[in-house]
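Here is the structure we will look at.
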Amino acid sequence: MSTKRFLLQKILQLFLTLFLVTAITFILMQLSPIDAAEAYSRRIFTVDETRIEAVREQMGLNRPIVVQYLDWLNDLLHFDLGNSYVDNRDVFLIVGSALKETACIVLLSAVLQAVGALVLGVLLYLTRKNVIGKILAFVSIAAISIPAFYLATSFIDVVAVRWNLISVSGNTGLMRYLPAALCLAVGGIAFFGQMLSKAIQQAMSEDSVLYSRCRGLSDPYIVVRYAMPQAIISTVPTFMQMMGMCMAGSAIVENIFSLPGLGYRIVNSLTNRDLPVIYATVLFLAFALVIFNILADIIQRLLQTRKGGL
């Protein structure tokens with residue numbers, strides 16, 4: 001497949017995915033037993049059916065869903081996502097602020113995963129034949145199995161409440177995002193650590209490694225100098241996909257640590273039936289997920305092209 005056709009396919013995939021995700025979101029919100037007009041009315045004044053119907057007409061929620069969706073798409077093309085039903089703030093400002101919070105968490109989590117996976121991967125390889133290696137492998141499997149939200153609640157209960165080592169509220173700078181990023185990173189460190197260990201083991205079976213051993217080079221040196229770079233390159237596409245999953249998985253963790261990111265906004269807007277914020281946050285989250293997957297596919301293609309040229 002030519003590069004031009006490949007990129008065109010990915011662009012079409014992006015727009016098709018965003019269309020399907022936003023359309024399904026509209027349909028699901030229509031199927032909700034409590035609509036936005038009723039939720040809004042309950043917050044503002046005493047509820048009666050006549051007043052709810054007036055609010056529904058004012059919001060345009062009494063129109064066919066197809067018309068509502070097409071109007072929303074038209075407003076989106078004009079960079080107008082409307083105002084929140086809760087505080088009347090511009091949705092772009094709300095989503096922009098939430099995106100910044102989520103990006104900080106995910107980027108910090110990516111750094112922790114990269115560093116932790118490198119260390120764990122090398123340790124798993126070097127200790128693969130002794131008891132320490134077996135223990136590390138067992139702990140890694142356990143870490144992959146533990147969900148991030150459980151780690152987050154346990155972190156608050158043990159580290160913040162019982163041991164009183166750090167505060168989980170009122171922090172600024174790096175400490176504001178570190179607990180959430182760490183909870184998101186644990187599973188990734190364990191997963192990529194095992195993946196790197198296997199990739200290093202495969203790289204160490206090549207003829208070039210045998211030649212290096214004949215030159216008198218030690219295995220740790222060969223691992224760091226020759227095998228690890230190959231192993232890292234092979235895991236980059238999967239790592240990019242994991243970053244997209246981190247953005248999606250940060251929703252509950254953000255709520256636990258009270259960080260107003262995209263996931264936090266989605267949960268709160270669903271509770272309040274704040275439709276403009278729901279549609280916008282789902283759109284931006286889906287966009288980020290697709291972009292990470294497209295980047296993973298592009299990197300994978302470049303790696304395959306590089307191998308084919310060798």
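Details
- Qualifying helices (runs of 4 or more DSSP H) (wholly inside the stretch 1-105; at least 1 residues being exposed (fewer than 12 other Cβ atoms within 10 Å of the Cβ) and in contact with a helix residue (DSSP H, G or I) (Cβ under 6 Å, 6 or more places away or on another chain)): none
- Any hit, the stretch 230-248, residues being at pLDDT below 85, open to solvent by 20 Å² or more (accessible area, probe 1.4 Å) and closer than 28 Å to Gly82 by Cβ: yes
- For the stretch 172-229, filtered to residues that are surrounded by 14 or more Cβ atoms within 10 Å (Cβ to Cβ), of a type outside the set (A, V, I, L, M) and farther than 19 Å from Met242 by Cβ, the residue that is modelled with the lowest pLDDT is Asp219.
- Test result for Leu108, closer than 30 Å to Asn268 by Cα and modelled with pLDDT of 90 or more: yes
- Residue within the stretch 293-310 that is crowded, with 21+ Cβ neighbours inside 10 Å and part of a loop (DSSP other than H, G, I, E, B) present: no
- Complete set of residues in the stretch 106-126 that are more than 18 Å from Gly173 (Cβ to Cβ), of a type in the set (Val, Ile, Thr) and open to solvent by less than 40 Å² (accessible area, probe 1.4 Å): Val122
- Given (1) surrounded by 15 or more Cβ atoms within 10 Å (Cβ to Cβ); (2) farther than 23 Å from Ala203 by Cα; (3) of a type in the set (S, T, N, Q), number of the condition Ser154 does not satisfy: (1)
- Taking every residue in the stretch 143-165 that is within 15 Å of Ala185 (Cα to Cα) and pairing it with any residue that is of a type in the set (Val, Ile, Thr) and open to solvent by 90 Å² or more (accessible area, probe 1.4 Å), at least 6 positions away or on another chain, the pairs with Cβ-Cβ distances below 7 Å are Phe149/Ile252.
- Residue within the stretch 257-276 that is of a type in the set (Lys, Arg) and either over 17 Å from the mean Cα position of the chain (by Cα) or modelled with pLDDT under 85 (or both) present: yes
- Within the stretch 175-195, residues that are within 22 Å of Glu101 (Cα to Cα) reach no partner that is polar (S, T, N, Q) and surrounded by fewer than 24 Cβ atoms within 10 Å (Cβ to Cβ) with beta carbons closer than 6 Å at six or more positions or on different chains.
- When the stretch 249-264 is filtered for residues that are over 15 Å from Val106 (Cβ atoms) and either in a helix (DSSP H, G or I) or open to solvent by less than 60 Å² (accessible area, probe 1.4 Å) (or both), the ones remaining, listed by number, are Asn255, Ile256.
The values are calculated or read from the model by the stated rules, or taken from the named source; none is laboratory data. Predicted model only: the values in this text are computed from it and were never measured. Ideal geometry is used to build each Cβ from the backbone, glycine not excepted, and the neighbour counts take in all protein chains shown. All accessible areas refer to the heavy atoms of the entire protein, side chains included, with ligands and DNA or RNA removed. Shrake-Rupley method; radii C 1.70, N 1.55, O 1.52, S 1.80 Å.
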